[in-house]
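Notes to accompany the following structure.
The values are calculated or read from the model by the stated rules, or taken from the named source; none is laboratory data. A quick note: this is a predicted structure, and the numbers were derived from the prediction, not measured. Cβ atoms come from the backbone with ideal geometry, glycine included; neighbour counts cover every protein chain shown.
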Amino acid sequence: MPGKRDPLDFVLWQPSAPDEPSWDSPWGRGRPGWHIECSAMSTTYLGNRFEIHGGGADLAFPHHESEIAQSEGASGERPFVAWWMHAGMLSYQAEKMSKSLGNLVLVRDLLRTYSGDAIRHYIVSHHYRRELDFDEAELEASAVEALRLRQACMLAELAEPTATTAADPQALHPVVAEHRARFLAALDEDLDTPAALPELHALAALATATDERRLRIDAGWMVRELGARILGLRLATVPSLREIGEAVPA
């Protein structure tokens, strides 16, 4: 492309095609390059420096590297972003999901069979930075696990409808406090949800199996506290007939 000083330079401004939006500029009528669009949006709404920037792992280079170079070059401030969070790509049968390949698995289609909690549980059972190869057998297992978490919440609510763990975590049963600490420590390690999730299920097991009333109540309410408030599970206490069917072995 004309105007480059080096073949490796990326485009800041380029002539626009007849059917594309365009603006007048000192370099002629045109439009921003791909990378500068993101710098313009982020600095407009978040300032020259901000904490977290996300995106797919496929954007780390060249897009995000170019975004850093031009943003820091324009503002003179660094770092442009404190933490970069690059999500792994989604694949199906070892091929990247794409519209062109016709192998997309859509959430709206999954919701015809599975609950939102089942889908979210399946996703957080994998680390966000790693590639996820969609596996419906794993999703079916997550549907059962999500229902077990919901049952733990239901038992705690039936035993102590007004109890809450959020107000005073220091008053928790020591066993529950230990699982809570390990859950939070896992999330402190780059949102390691696969390491945090077993702690949630250990609490659910305590809520449904232990004979100690205080331990059972604290564990069940902590499942809701960590599962709903942090992981975003709904954990409604009344499961649907479809979800009950998912938990019953064939």
Output for segment 176-208, where each listed residue is more than 23 Å from GLY116 (Cβ to Cβ), of a type in the set (Asp, Glu) and in a helix (DSSP H, G or I) | GLU178, ASP188
Within segment 39-83, which residues are part of a helix (DSSP H, G or I), of a type in the set (D, E, K, R) and modelled with pLDDT of 95 or more?
-> GLU65, GLU67, GLU72
Considering residues of segment 49-62 that are loosely packed, with under 15 Cβ neighbours inside 10 Å and not aliphatic (A, V, I, L, M) only, the residue farthest from GLU131 (Cα to Cα) = GLU51
If you take the residues in segment 162-178 that are β-branched (Val, Ile, Thr) and modelled with pLDDT under 85, which one is farthest from ALA228 (Cα to Cα)?
-> THR162
Test: residue in segment 94-109 that is touching an Asp or Glu at 6+ places or on another chain (Cβ under 9 Å), hydroxyl-bearing (Ser, Thr, Tyr) and either modelled with pLDDT of 95 or more or on the phi < 0 side of the Ramachandran plot (or both) | no
Quick one: HIS86 ticks every box in (1) assigned to a helix (DSSP H, G or I); (2) in contact with a helix residue (DSSP H, G or I) (Cβ under 9 Å, 6 or more places away or on another chain) bar one, so which box is it?
-> (1)
Only one of ASP133, ASP211 is more than 30 Å from GLN93 (Cβ to Cβ) and outside any helix (DSSP H, G or I); which?
-> ASP211
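Per-residue answers, yes or no, for (1) without any contact (Cβ under 8 Å) to a residue 24 or more places away in the chain; (2) over 17 Å from LEU147 (Cα atoms):
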position: PRO174; (1), (2): yes, yes
position: HIS179; (1), (2): no, yes
position: ASP188; (1), (2): yes, yes
position: ALA195; (1), (2): yes, yes
position: ALA202; (1), (2): yes, no
position: LEU206; (1), (2): no, no
position: ALA209; (1), (2): yes, no
position: ARG213; (1), (2): no, yes
position: ASP218; (1), (2): no, yes
